[in-house]
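Engineer: Let me begin by handing over the structure; questions about it come next.
The values are calculated or read from the model by the stated rules, or taken from the named source; none is laboratory data. Small disclaimer: the values here were computed from a predicted structure and weren't measured. Glycine also receives a Cβ, built like all others from the backbone with ideal geometry; neighbour counts cover every protein chain displayed.
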Ligand SMILES: [Zn+2]
């Protein structure tokens, strides 16, 4: 079984589509990925849902802004 999933996220800083290879074999992850366009960090959180056999992915700018 291949545990790497490819996903595209939209950079919250500049709107650029960034391609990610997600390794879900190590369970849930919480890390930062640098945008290839604007070089700002995107906070990536992944959660593998065992029931749905699907990845929930959340990402945000992590810039401490609250609306
Ligand atoms: Zn960007």
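Let's see how each residue does on (1) exposed (fewer than 11 other Cβ atoms within 10 Å of the Cβ); (2) part of a strand (DSSP E or B); (3) within 16 Å of the ligand (Cβ to nearest atom):
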site	(1), (2), (3)
30	yes, yes, no
33	no, yes, yes
42	no, yes, yes
45	no, yes, no
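Engineer: Among the residues of the range 1-22, what is the count of those that are more than 16 Å from the ligand (Cβ to nearest atom), touching a residue at least 12 places away in the same chain (Cβ under 8 Å) and assigned to a loop (DSSP other than H, G, I, E, B)?
Structural biologist: The total comes to 1.
Engineer: In addition: Which residues, taken from the range 26-45, are out of contact with any strand residue (DSSP E or B) (no Cβ under 9 Å at 6 or more places or on another chain) and either at pLDDT below 90 or on the phi < 0 side of the Ramachandran plot (or both)?
Structural biologist: Let us first name the residues in the range 26-45 that are out of contact with any strand residue (DSSP E or B) (no Cβ under 9 Å at 6 or more places or on another chain), namely 26, 38-39.
Matches in the range 26-45: 26, 38.
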